[in-house]
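Take a look at the structure set out below.
Bear in mind these aren't lab numbers, they're just calculated from the coordinates by the rules spelled out. Since the structure is predicted, the reported quantities are computational estimates derived from the model, not experimental observations. Don't worry about glycine lacking a Cβ; one is built from the backbone with ideal geometry, like all the others, and counts go over all protein chains shown.
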Amino acid sequence: MNDSLLVPWDGTTPIRILGRPVDVPENNVLLRCLQHLLPETVTYGRFCWNDECGNSEFRYRLPGDPEERVERACRFVPVAGMEITAVSEQLRQVLAPLLER
């Protein structure tokens, strides 16, 4: 599959966002994956898309690792089985439709 905003991808990567399971396009940074899932909200979020603003910051845990880490969605490629445990206020706003499901 392909989308003009995404790096070419063939499959998806399963992750959890604040307890909700989702499948995101493989090989793409998380912010683009979220834009693919929620184009009507993420596109209009206040993100710089180049790691300068900090509005895409989130916390996560990798499978089998209890350590919580901090990253920015504009530069992080999701790992299968990861759990996003906390998100910035800007991410929470644009993720609202997903979180309300």
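Some notes on this structure:
- Model label sites at LEU98 and CYS48, defined 7 Å from Cα along the beta-carbon direction, differ in position by 2.2 nm.
- Amide H contacts of GLU57 (H built 1.01 Å from N, under 5 Å, at least 5 apart or other chain): ALA73, SER88
- Close amide H contacts of VAL24 (hydrogens built in the peptide plane, cut-off under 5 Å, sequence separation of 5 or more or a different chain): THR13, ILE15.
- By the Cβ rule of 4.7 Å, the chain holds the following cysteines without a possible disulfide partner: CYS33, CYS74.
- Cβ-placed point charges (K, R +1; D, E -1), dipole of the range 12-96 about Cα centre in debye, nearest 20: 120
- Here the Karplus relation 6.51 cos²θ - 1.76 cosθ + 1.60, evaluated at θ = phi - 60°, turns the backbone of the range 34-45 into coupling constants of 5, 5, 5, 6, 9, x, 6, 10, 5, 4, 9, x Hz, with x for every Gly and Pro.
- The chain, relative contact order [Cα under 8 Å, separation at least 6], %: 31
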